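Visitor: Take a look at the following structure, please.
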Amino acid sequence: MDGPVFGLCAVVALISAAILVYLRFTQERRSSLLAYRVSQRAHFTSLVCCFVGTLLAVPDVADAVDSVAGSDDVSFLISDIAAVIFCASLQVLIIDWEYNAPHHAGIALRIGFVFVVAALLILEFRRADRVHLDLSTTYVRNSEVRTYLLTYLGFFAAAGLEVTMRSAKIARAVRRQGRPSATGLSITTAGAAFGILYAISRGGYVLAFEGGHTWPLAIENTLSPVLAGMSVICLIGGLTLAVLSSLGLKRAGRST
């Protein structure tokens, strides 16, 4: 399940990044969207990290990277750190869209938190016995694997909750104004909600194992990738649609 789902996510991220780059050059000095330079950079960063993270989540690609690196599960670590940066970039993007004035303190806080989470993941990665197991729910019986997964999933859930709340707030506001970007923002909200469900599903399995009441691993290995894929596609697709809708509205305004 991981290969097709995350392969599709990587393709969607690559296409969205190409669209964003095209708009960046074609709309230079012609669009007021350039006022949101922080969100533009955050958007592009999120797409790059999404592409890298989802590509490395494809088993065949992960095995090739691990073989070249000569280290077990290094692709897993890179993929998870890319996902952390992806989430933080979305937080920065949404904050920049929500506030008229630059919100430097909030943005700096989230960037700083990325370094903390990434450092914890690297530390826990180095402590884990990666010779006899990998950092997935398959080996959740190992306490170091559980700690690693809960650190990653805890951040993922928190970031998803913030993006859900803020994007829903912005979507309601622009919908009242009759702006077409509300559709894209609503899809973004749904994507962030799917991300929370992914974290709950995977994290719930880890916590349920500690309580001795897990559901079948086959269900977990099917459900979590699907939720993650729906989250990624809705997030990047919704944000791209919101940007395209805003540009379309501006072109219509200039032509009247």
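Visitor: Give segment 1-38 a look and list any residue that's in contact with a Leu (Cβ under 8 Å, 6 or more places away or on another chain), modelled with pLDDT under 75 and closer than 19 Å to Leu241 by Cβ, or say none.
Guide: Gln27, Ser31, Leu33, listed by residue number.
Visitor: Hey, another quick one. Quick test for you: out of Ile95, Ile81, pick the one residue that is in contact (Cβ under 8 Å) with a residue 40 or more places away in the chain, in a helix (DSSP H, G or I) and within 30 Å of Val174 (Cβ to Cβ).
Guide: Numbers: Ile81 fails: within 30 Å of Val174 (Cβ to Cβ).
After applying the criteria, what remains is Ile95.
Visitor: Which residue out of Thr138, Thr183 is polar (S, T, N, Q) and crowded, with 16+ Cβ neighbours inside 10 Å? Spell out the reasoning first.
Guide: Details: Thr138 fails: crowded, with 16+ Cβ neighbours inside 10 Å.
Answer to the selection: Thr183.
Here is a yes/no grid of residues against (1) among the hydroxyl-bearing types (Ser, Thr, Tyr); (2) over 27 Å from Tyr205 (Cβ atoms); (3) within 21 Å of the chain's Cα centre (by Cα); (4) surrounded by fewer than 19 Cβ atoms within 10 Å (Cβ to Cβ):
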| position | (1), (2), (3), (4) |
| --- | --- |
| Leu55 | no, no, yes, no |
| Ala62 | no, no, yes, no |
| Ser67 | yes, yes, no, yes |
| Ser75 | yes, no, yes, no |
| Phe86 | no, no, yes, no |
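Visitor: Further question: With the structure loaded, tell me whether Ile111 is within 17 Å of the chain's Cα centre (by Cα), more than 26 Å from Leu56 (Cβ to Cβ), of a type in the set (Val, Ile, Thr) and surrounded by fewer than 22 Cβ atoms within 10 Å (Cβ to Cβ) or whether it fails that test.
Guide: Working: within 17 Å of the chain's Cα centre (by Cα): yes; more than 26 Å from Leu56 (Cβ to Cβ): no; of a type in the set (Val, Ile, Thr): yes; surrounded by fewer than 22 Cβ atoms within 10 Å (Cβ to Cβ): yes.
So Ile111 fails the test.
Visitor: Restricting attention to segment 90-100, does a residue exist that is surrounded by fewer than 21 Cβ atoms within 10 Å (Cβ to Cβ) and more than 21 Å from Gly237 (Cβ to Cβ)?
Guide: Yes, segment 90-100 has at least one match.
Visitor: Ile170: loosely packed, with under 14 Cβ neighbours inside 10 Å, of a type in the set (Val, Ile, Thr), modelled with pLDDT of 85 or more and out of contact with any strand residue (DSSP E or B) (no Cβ under 8 Å at 6 or more places or on another chain), yes or no? Break it down stepwise before answering.
Guide: Working: loosely packed, with under 14 Cβ neighbours inside 10 Å: no; of a type in the set (Val, Ile, Thr): yes; modelled with pLDDT of 85 or more: yes; out of contact with any strand residue (DSSP E or B) (no Cβ under 8 Å at 6 or more places or on another chain): yes.
Criteria not met by Ile170.
Visitor: Further, regarding this structure: Which is touching a helix residue (DSSP H, G or I) at 6+ places or on another chain (Cβ under 7 Å), surrounded by fewer than 17 Cβ atoms within 10 Å (Cβ to Cβ), at pLDDT 90 or above and under 18 Å from Gln91 (Cα atoms), of Leu241, Leu197, Leu161? Reasoning before the result, please.
Guide: Numbers: Leu241 fails: surrounded by fewer than 17 Cβ atoms within 10 Å (Cβ to Cβ); Leu197 fails: surrounded by fewer than 17 Cβ atoms within 10 Å (Cβ to Cβ).
One residue alone meets the criteria, Leu161.
Visitor: Quick check on Ala64: is it within 22 Å of Thr164 (Cβ to Cβ) and of a type in the set (Gly, Ala, Ser)? Before you say what the answer is, go through the steps one by one.
Guide: Working: within 22 Å of Thr164 (Cβ to Cβ): no; of a type in the set (Gly, Ala, Ser): yes.
It is false that Ala64 is within 22 Å of Thr164 (Cβ to Cβ) and of a type in the set (Gly, Ala, Ser).
The values are calculated or read from the model by the stated rules, or taken from the named source; none is laboratory data. These figures come from a predicted structure and were not determined experimentally. FYI the Cβ positions are ideal-geometry reconstructions off the backbone, even for glycines, and counts take in every protein chain you see.
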